[in-house]
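Peer 1: Just passing along the structure, written as C-alpha cells.
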C-alpha cells in the first residue's frame, strides 16, 4: 500500500470507499449462496428473503457512487488514487449485477413453486455455484489486499465455470427431449446456470479492474474461455 | 504515372518529420550552481515544438531554475553557473558568440506576477517590436500591436483605451497584456513561470484557453504548482524533485500511471 496522504481526510475517503465495496461484495456472496441454497432445498421462504435483500446491495451501490463523485469533486484524485476511485465505481457496478442475478435465481425458485427438478440435475448448478463463490471470494480478497497475482489467477480461472455450464446445458437438453413435462423446470434451471455463468464473468471483470487499479494498464492478453453453450444447443437440437 | 505518384509520396514522408517530431529545445546534462548550492543536477529533456510542456515539482525542486536557463535569465545572477548544453533548433544557446538579446527575443517569458511597464497599453506591446526594429512604419507597428493583443485575447476588452496605463487593467488582463507583449516580438518559445498563480479562476481559464490557441504557433513551457493546470493544458509533463528531473512523459500517462514512486507520491499529495 502507498503511504499516507498529507491530507489525512483523503485517506479516510478512500478507505471508506474500499470498505463499502468490500461490504457490498460480502452481501452479494451471501445472496448467491442463499439463492442456490433455496433452489436446492426447495425453500421458497429463503428465496423470498433473497429477493427482498437485494435492495440493500442496490443502496450500497448508490452510496458508493455518491462517495466516489464527491471524492473526485473534493480531492481531484490523480494516478493510483484516481484509479482507486474509478475502480470502486466499476467493481460496485459488477457486484450490483451479481446481486441482480442472484435475485433472478430466487425469483425462479418462487416461480417453480411445487414443481421441482430431480436433485441430480441441481448438483451441476451447485457445483458451478461453489466455483463462482470461490472466484468471488478470491477477487474480493485481491481487491482488499491489492494483490495483482491473485486477481490474475481469478481472471484466468473462469474457464472451469464455463465448462461446467456447458455440461449442465447438455444434461438439461437431454431431459427436455426425454419428456416435455420436464421443460418448465429445465428452462428455469438453464437460466439459473446461465446466471451463475454470468456471475463468473462479472468476477473476471472485477479481476480486470483490480489489475487496472494496481498496474495502471488494462490486461492485454486474451482470456481463456470455455463457454460453448451455443454449440451445445445446436448439437442438441440436431440429435 | 505510377512512378510519379511514388515520388510524391516519398517527398511527403521526407518533409513531415521536420515539422512535428524534432524537439524544439534540447537540454543535455544541464547543471546549475548558485554559489555552492547545486540547484539542478544533470537534467536531460527534449521539449517538442508547438506544444505545451509543463514542469511540475515542489518548491525549490529546480523547475524555475531550469526554465530560466532556456532564455539565459540566470546570466543576470552573478553567483549562478550553468554547465551542460541547451540547444534551440540545434543551436547551442550558451555559445559565447550568441547574442543574448536576440535569444530573449526568440524566447519570451511571462512571470508569476503580471508586470506591465508603467506605460500605455499600446506602448507595452509596441516596446519590443520598436527596440528590435520590427516595424518600419507606424502602420506596421499598429498592426503588430493589434495583432498581438488579438492573439492574447485582449483586444476586444481594451480597444477603446489603448492609451490608458497598462497598470490600470485587472490582474488577468495585465497578464494577458504581458503575453501580448511577449508575442509581439514573434518569439518561437514562450516560457511561463506560474502565470496564473496570482489570478482568479476565470482569468486562469482565459489564460489556459489562450495557451491552447498559442501552441499552434509557439512552443510553450510552463512552470506550474497546480497539478490540475498541468493536466489540463500540457501535452507533456516533466516532474522535478531536489534538482533532478525524475520523470518526463505524456501528460495523460504522468497523471494516471506515473512510473516513478516519487512522481506518484507528489501528484497524489503524499509528500511529507
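Peer 1: Take residue B:77, project a point 7 Å from its Cα along the Cβ direction, then tell me which residues of segment B:39-68 have their backbone nitrogen under 14 Å from it.
Peer 2: Within reach of a label on residue B:77, which here means backbone N under 14 Å from a point 7 Å along Cα→Cβ, segment B:39-68 contributes B:39-41, B:59-68.
Peer 1: Here's another thing I want to ask about it. Would you list B:82, A:132 from fewest to most Cβ contacts within 10 Å?
Peer 2: B:82, A:132
Peer 1: Let me ask you something else. How far is helix A:119-144 tilted off the main Cα axis of chain A, in degrees rounded to 10, range 0 to 90?
Peer 2: With rounding to tens, the tilt is 10 degrees.
Peer 1: Let me ask another. On full extension of the chain, what length is gained from residue A:65 through residue A:163, given 0.36 nm per residue of separation minus the C-alpha to C-alpha distance?
Peer 2: Details: separation 98, 0.36 × 98 = 35.28 nm, distance 3.47 nm.
The residue A:65-residue A:163 span can extend by a further 31.8 nm.
Peer 1: Rounded to the nearest 0.05, what FRET efficiency do residue B:244 and residue B:134 have when you use their Cβ-Cβ distance and R0 = 35 Å? Present the calculation step by step, with values, prior to reporting the outcome.
Peer 2: Details: r = 40 Å, r/R0 = 1.13.
With a Förster radius of 35 Å, E is 0.30.
Peer 1: Quick one: B:90, B:208, fewest Cβ neighbours within 10 Å first, how do they rank?
Peer 2: Values: B:90 9, B:208 16.
Ordered from fewest to most neighbouring Cβ atoms within 10 Å, B:90, B:208 come out as B:90, B:208.
Peer 1: What is the Cα coordinate range of chain A on the first, second and third principal axes, sorted by size from largest, in whole angstrom?
Peer 2: Each principal axis gives a Cα extent; for chain A these are 69, 40, 22 Å.
Peer 1: In a solvent-free Debye calculation with one equal scatterer on each Cα, what is log10 I(q)/I(0) for segment B:99-221 at q = 0.10, 0.20, 0.23 Å⁻¹, listed in the order of the q values?
Peer 2: -0.26, -1.12, -1.48
Peer 1: Of the candidates A:102, A:88, A:59, which one comes out as most mobile in a Gaussian network treatment of chain A with C-alpha springs shorter than 10 Å?
Peer 2: A:59
Peer 1: Restricting to Cα pairs below 8 Å that are 6+ residues apart, what does the relative contact order work out to for chain B? Please round to a whole percent. Provide the component values of the computation, followed by the final result.
Peer 2: Details: 479 pairs, mean separation 68.5, N = 272.
Once divided by the residue count of chain B, the mean separation gives 25 percent.
Peer 1: When the Cα atoms of segment B:172-272 are enclosed in a convex hull and the volume is divided per residue, what value in Å³ results? Please list the in-between numbers first.
Peer 2: Numbers: hull volume 11.3 nm³, N = 101.
Expressed per residue, the convex hull around the Cα atoms of segment B:172-272 is 112 Å³.
Peer 1: Cut-off 10 angstrom, C-alpha nodes, Gaussian network model of chain A. Which of A:123, A:222, A:146 fluctuates the most?
Peer 2: A:222
Peer 1: Residue by residue through B:258-267, how many Cβ atoms from other chains fall within 10 Å of the Cβ on average? Show your work: numbers first, answer last.
Peer 2: On the way: counts 4, 1, 0, 2, 0, 2, 6, 6, 2, 6.
Taking all residues of B:258-267 together, the mean is 3.
Peer 1: Pairing the Cα long axis of helix A:183-215 with the longest principal axis of chain A, what angle in degrees results, from 0 to 90 and rounded to the nearest 10?
Peer 2: That works out to roughly 20 degrees.
Peer 1: Further, regarding this structure: With each run of n ≥ 4 DSSP H residues scored as -39500 (n - 2.57), what mean residue ellipticity at 222 nm is computed for chain A after dividing by its residue count and rounding to the nearest 500 deg cm²/dmol? Before the final figure, lay out each step's value.
Peer 2: Numbers: 8 runs with 198 residues, N = 239.
My calculation for chain A gives -29500 deg cm²/dmol from helical runs alone.
Peer 1: Averaging over every viewing direction, what projected area does the convex hull of the Cα atoms of chain B cover, in nm²? Before the final figure, lay out the partial values.
Peer 2: Working: hull surface 74.6 nm².
Here the figure is 18.7 nm², rounded to one decimal.
Peer 1: Could you please rank A:35, A:149, B:170, B:120, placing first whichever residue has the fewest other Cβ atoms within 10 Å of its Cβ? Could the numbers behind the result be given before it?
Peer 2: Numbers: A:35 31, A:149 9, B:170 13, B:120 17.
Sorted ascending by nearby Cβ count, the order is A:149, B:170, B:120, A:35.
Peer 1: Right, something else. For segment B:53-125, how big is the tail of P(r) above 17 Å, as a whole percent of Cα pairs?
Peer 2: For segment B:53-125, the fraction of Cα-Cα distances above 17 Å is 55 percent.
Peer 1: Another question, then. Working only with C-alpha atoms, what are the Rg and Dmax values of the protein assembly as shown, expressed in angstrom?
Peer 2: Cα only, the protein assembly as shown: 32.4, 101 Å (Rg, Dmax).
Peer 1: Between residue B:235 and residue B:90, take the C-beta separation as r, use R0 = 25 Å, and let me know the FRET efficiency to the nearest 0.05. Intermediate results must be reported in sequence, preceding the final value.
Peer 2: Working: r = 21 Å, r/R0 = 0.85.
That pair, residue B:235 with residue B:90, gives E of 0.75.
Peer 1: If I fit a long axis through the Cα atoms of helix A:229-238 and take the longest principal axis of the Cα atoms of chain A, what angle between them do I get, 0 to 90°, rounded to 10?
Peer 2: That helix lies at roughly 10 degrees to the long axis.
Peer 1: Taking the simple approach of a point 7 Å from Cα along Cα-to-Cβ for both residue B:142 and residue A:179, what is their distance in nm?
Peer 2: Placing both labels 7 Å along Cα→Cβ, they lie 10.2 nm apart.
No value in this document is a laboratory result; all are computed from the given coordinates. Bear in mind the structure is a predicted one, so any value in this text is a computation, not a measurement. All Cβ positions, even for glycine, are placed from backbone atoms using ideal geometry, and neighbour counts span all protein chains on display.
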